[in-house]
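Encoded as structure tokens, the structure appears first; notes follow it.
None of the figures in this text is laboratory data; all of them are computed from the coordinates on show. These figures come from a predicted structure and were not determined experimentally.
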Amino acid sequence: MSTKAKVISITSLVLAIALACFIYVKFFFVFGEGVKAGNLNQVMYKGYVFKTYEGRVILTGFKGGKTGGIQSNEFNFSVKDKAVADSLMRCSGKEVEIHYKEYLGTLPWRGMEKYIVDEILSVREADKTTVVPVVGEGE
């Protein structure tokens, strides 16, 4: 084997390993894990080619917007497990506590979000006695 062929072989091998490492870190390495709690707004099954379960939880409390107004704090997520998604679909409008994994990139067959819910920790009825004042009302 000539020197030129060895250099090309080694360079190709290094590039292939670097590409494999990048793909693993970007799409399969769990960057973070955590728990979110809030009112489950929706869970839906959607997609053109890859049908996935997508959901949204409205987190407790509010965050300030860029314009100085108040907006709700939403947590958008995907669900891989059909059993977890079916359970969440029956919990719409309730307060849920869910465990999620965060990835750095999305895969079409895994979901549209980088947050993947893998477990429901608790479900309880939403507190309907809390009154949230509306800014600007009656002024």
Checklist entry - Length gain on complete extension for the stretch residue 50 to residue 82, per 0.36 nm per residue less the alpha carbon to alpha carbon distance? => result 10.1 nm
Checklist entry - From the phi of every residue in the stretch 26-31, what ³J(HN,Hα) in whole Hz does the Karplus formula 6.51 cos²θ - 1.76 cosθ + 1.60 yield, where θ is phi - 60° and glycine or proline is x? => result 5, 10, 10, 6, 7, 6
Checklist outcome for this item: Surpassing 18 Å at the alpha-carbon level, of the pairs 26/46; 26/114; 36/114; 46/101; 36/94, are 26/46; 46/101
